[in-house]
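The values are calculated or read from the model by the stated rules, or taken from the named source; none is laboratory data. Being a predicted model, the structure only gives us computed values, none of them experimental. Here the Cβ is made from the backbone with ideal geometry for all residues, glycine too, and neighbour counts use every protein chain on show.
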Amino acid sequence: MDLKAKIRNIPDFPVKGVQFKDITTLLKDREAFRYSINKIVEYCQQYSIDYIAGIEARGFIIGSPVAYQLGVGFLPIRKPDKLPSAVERIAYQLEYGESVLEIHKDAVNKGDRIMVVDDLLATGGTTGAVFELIKKLGGIVIGAAFIVELEFLNPRDKLKEYNIFSIVKY
């Protein structure tokens, strides 16, 4: 399936010079959405996984059905001040600024095996930060899976020691 044809390009969003890959057009196409989820599930099935961690917000959309199909739990990685219990947090650099992510401190037990799922891999900064957050709580990072990867930004350079999967590459 040609998923690139289902992804809309938005120039100069969120800042000038960025070519935003909008997957909302893919998500509304039931066959493209189903195909994407099934490809990520197929990839994840080769690993022993306890949880799928999804990064707010589109990682929730992609990660939840993946976790459901795999029969594993789902861990939300959220923006600040969205989780009601004690959190672990990490600050990190984006390609156009700085951000912070949080997870409940009791979400991960020592030795839990976790696959991170999100819609898009750009520089690897967000994913790398999530990996550090999981490891800080004692979890084992299996790797990450994405619908889209922006290869021209060389994200795998930051994530060399991990298993990385993406369906569509730009």
Just wondering, is there one or more residues in segment 143-163 that are in a helix (DSSP H, G or I), over 20 Å from Val41 (Cα atoms) and touching a residue at least 60 places away in the same chain (Cβ under 8 Å)?
no
Filter result (surrounded by fewer than 23 Cβ atoms within 10 Å (Cβ to Cβ) and either of a type in the set (Val, Ile, Thr) or more than 18 Å from Ala145 (Cβ to Cβ) (or both)) within segment 111-125
Gly111, Thr123
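Taking segment 108-129 on its own, how many of its residues are within 30 Å of Ile7 (Cα to Cα) and either in a strand (DSSP E or B) or polar (S, T, N, Q) (or both)?
The number of residues fulfilling the criteria is 11.
Quickly run through segment 58-110 and pick out the residues that are small (Gly, Ala, Ser), within 16 Å of the chain's Cα centre (by Cα), modelled with pLDDT of 95 or more and surrounded by fewer than 16 Cβ atoms within 10 Å (Cβ to Cβ). Spell out the reasoning first.
At the first step, the residues of segment 58-110 found to be small (Gly, Ala, Ser) are 59, 63-64, 67, 71, 73, 85-86, 91, 97, 99, 107.
In the following step, the residues that additionally are within 16 Å of the chain's Cα centre (by Cα) were identified as 59, 63-64, 67, 73, 99.
Narrowing further to those that are modelled with pLDDT of 95 or more: 59, 63-64, 67, 73.
Within segment 58-110, just Gly73 meets the criteria.
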With the condition kept exactly as written, say whether any residue in segment 77-91 is of a type in the set (Val, Ile, Thr), closer than 24 Å to Glu42 by Cα, in contact with a Leu (Cβ under 9 Å, 6 or more places away or on another chain) and touching a residue at least 60 places away in the same chain (Cβ under 8 Å).
no
Can you name the residue in segment 1-54 that is of a type in the set (Phe, Trp, Tyr) and farther than 30 Å from Lys110 by Cα and, of all such residues, is surrounded by the fewest Cβ atoms within 10 Å (Cβ to Cβ)?
Phe13
Restricted to segment 12-43 and to residues being of a type in the set (S, T, N, Q) and part of a helix (DSSP H, G or I), the residue farthest from Tyr162 (Cα to Cα) is Thr25
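Can you tell me how many residues in segment 11-56 are small (Gly, Ala, Ser) and within 13 Å of Gly143 (Cα to Cα)? Write out each step before concluding.
First, pick out the residues of segment 11-56 that are small (Gly, Ala, Ser): 17, 32, 36, 48, 53-54.
Now restrict to residues that are within 13 Å of Gly143 (Cα to Cα): 48, 53-54.
Of the residues in that region, 3 qualify.
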Residue satisfying all of: in segment 140-170; closer than 19 Å to Ala32 by Cα and hydroxyl-bearing (Ser, Thr, Tyr); farthest from the chain's Cα centre (by Cα) among these
Tyr170
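Table: residues versus (1) part of a loop (DSSP other than H, G, I, E, B); (2) more than 19 Å from Ala145 (Cα to Cα); (3) out of contact with any strand residue (DSSP E or B) (no Cβ under 7 Å at 6 or more places or on another chain).
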{"site": "Met1", "(1), (2), (3)": "yes, no, yes"}
{"site": "Ile10", "(1), (2), (3)": "no, yes, no"}
{"site": "Ile52", "(1), (2), (3)": "no, no, no"}
{"site": "Gly63", "(1), (2), (3)": "no, no, no"}
{"site": "Asp81", "(1), (2), (3)": "yes, yes, yes"}
{"site": "Leu101", "(1), (2), (3)": "no, no, no"}
Which of the residues that make up segment 126-143 are within 22 Å of Lys169 (Cα to Cα) and touching a Lys or Arg at 6+ places or on another chain (Cβ under 7 Å)?
Gly128, Ile142
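How about segment 130-142: which of its residues are in a helix (DSSP H, G or I) and surrounded by fewer than 21 Cβ atoms within 10 Å (Cβ to Cβ)?
Answer for segment 130-142, where residues must be in a helix (DSSP H, G or I) and surrounded by fewer than 21 Cβ atoms within 10 Å (Cβ to Cβ): Glu132, Lys135, Lys136.
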